[in-house]
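J.: One structure, as structure tokens, below. Some questions next.
The values are calculated or read from the model by the stated rules, or taken from the named source; none is laboratory data. Nothing here was measured: the structure is a model prediction, and the numbers come from that model. Cβ placement follows ideal geometry from the backbone for every residue including glycine, while neighbour counts extend to all protein chains displayed.
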Amino acid sequence: MKSHNTSDGRQMESLLDRARVHPERSMVMLNLNRYKADVEFPHGGQYSNYMAAITHSVKANGGAVLWRADVQGSVVGGLEGFHEVLAVWYPNYEAFTSLPDADGAKEMFRYRKICVEEAHIIELSTAGALTP
């Protein structure tokens with residue numbers, strides 16, 4: 001079974017190409033998450049710890065969690081059963097790509113492995129978007 005929690009080489013190379021052309025461009029990463037049942041989204045302790053770890057690590061790299069919203073349902077397409085969408089702003093590509101080295105990132109990724117069943121992350125332009 002193909003994992004939907006990590007990027008493939010082609011996806012990362014495409015991101016790194018954009019980073020080389022516009023290294024200082026800010027972006028919003030839209031995270032679509034389906035959580036494991038035992039995480040007890042949205043009120044479970046592990047989920048709460050994961051959100052605190054994300055907020056801490058992203059902030060340590062100069063970014064910000066803009067908003068989180070529960071998914072009410074899928075209207076078009078095959079994305080049934082997802083629980084949450086997070087919009088995370090990064091001031092530049094380096095802030096995103098160096099997230100694994102950010103303060104608290106080890107804990108954040110540990111909780112990600114515990115909590116997330118499936119994830120999709122979509123890079124959005126910040127042109128015309130509300131940012132912190």
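J.: Scan the range 119-129 for residues that are buried (at least 16 other Cβ atoms within 10 Å of the Cβ) and either farther than 20 Å from M12 by Cα or among the charged types (D, E, K, R) (or both) and report the count.
T.: Residues in the range 119-129 being buried (at least 16 other Cβ atoms within 10 Å of the Cβ) and either farther than 20 Å from M12 by Cα or among the charged types (D, E, K, R) (or both): 0 in total.
J.: Residues being surrounded by fewer than 17 Cβ atoms within 10 Å (Cβ to Cβ) and either of a type in the set (A, V, I, L, M) or touching a Lys or Arg at 6+ places or on another chain (Cβ under 7 Å) (or both): count how many of those fall in the range 37-59.
T.: The qualifying residues number 2.
J.: Could you tell me whether the range 97-112 includes any residue that is out of contact with any helix residue (DSSP H, G or I) (no Cβ under 7 Å at 6 or more places or on another chain), in contact (Cβ under 8 Å) with a residue 12 or more places away in the chain and crowded, with 16+ Cβ neighbours inside 10 Å?
T.: no
J.: Here are some conditions: (1) part of a loop (DSSP other than H, G, I, E, B); (2) at pLDDT below 95. L16 meets all but one. Which one does it not meet?
T.: Answer for L16: the failing condition is (1).
J.: Consider S74 carefully, then state whether it is in contact with an Asp or Glu (Cβ under 7 Å, 6 or more places away or on another chain), over 21 Å from R18 (Cβ atoms) and at pLDDT below 95.
T.: yes
J.: Within the range 21-36, does at least one residue satisfy the condition of being surrounded by 11 or more Cβ atoms within 10 Å (Cβ to Cβ), in contact (Cβ under 8 Å) with a residue 60 or more places away in the chain and more than 18 Å from the chain's Cα centre (by Cα)?
T.: The answer is yes, given that some residue of the range 21-36 is surrounded by 11 or more Cβ atoms within 10 Å (Cβ to Cβ), in contact (Cβ under 8 Å) with a residue 60 or more places away in the chain and more than 18 Å from the chain's Cα centre (by Cα).
J.: So which of A64, A87 is under 20 Å from E123 (Cα atoms), touching a Leu at 6+ places or on another chain (Cβ under 7 Å) and surrounded by 13 or more Cβ atoms within 10 Å (Cβ to Cβ)?
T.: Step by step, each of A64, A87 is checked, and only A87 is under 20 Å from E123 (Cα atoms), touching a Leu at 6+ places or on another chain (Cβ under 7 Å) and surrounded by 13 or more Cβ atoms within 10 Å (Cβ to Cβ).
J.: Could you list, in sequence order, all residues of the range 37-55 that are under 14 Å from F109 (Cα atoms) and in contact (Cβ under 8 Å) with a residue 12 or more places away in the chain?
T.: Q46, Y47, N49, Y50, M51, A53, I54
Let's see how each residue does on (1) out of contact with any Cys (no Cβ under 7 Å at 6 or more places or on another chain); (2) of a type outside the set (A, V, I, L, M); (3) within 24 Å of D17 (Cα to Cα):
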{"position": "R34", "(1), (2), (3)": "yes, yes, no"}
{"position": "G45", "(1), (2), (3)": "yes, yes, no"}
{"position": "V58", "(1), (2), (3)": "yes, no, yes"}
{"position": "D70", "(1), (2), (3)": "yes, yes, no"}
{"position": "L86", "(1), (2), (3)": "yes, no, no"}
{"position": "A119", "(1), (2), (3)": "yes, no, yes"}
{"position": "L124", "(1), (2), (3)": "yes, no, yes"}
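J.: Also: Looking at the range 36-70, which of its residues are in contact with a helix residue (DSSP H, G or I) (Cβ under 6 Å, 6 or more places away or on another chain) and hydroxyl-bearing (S, T, Y)?
T.: If the condition is that a residue be in contact with a helix residue (DSSP H, G or I) (Cβ under 6 Å, 6 or more places away or on another chain) and hydroxyl-bearing (S, T, Y), then Y47, Y50, S57 are the ones that fit.
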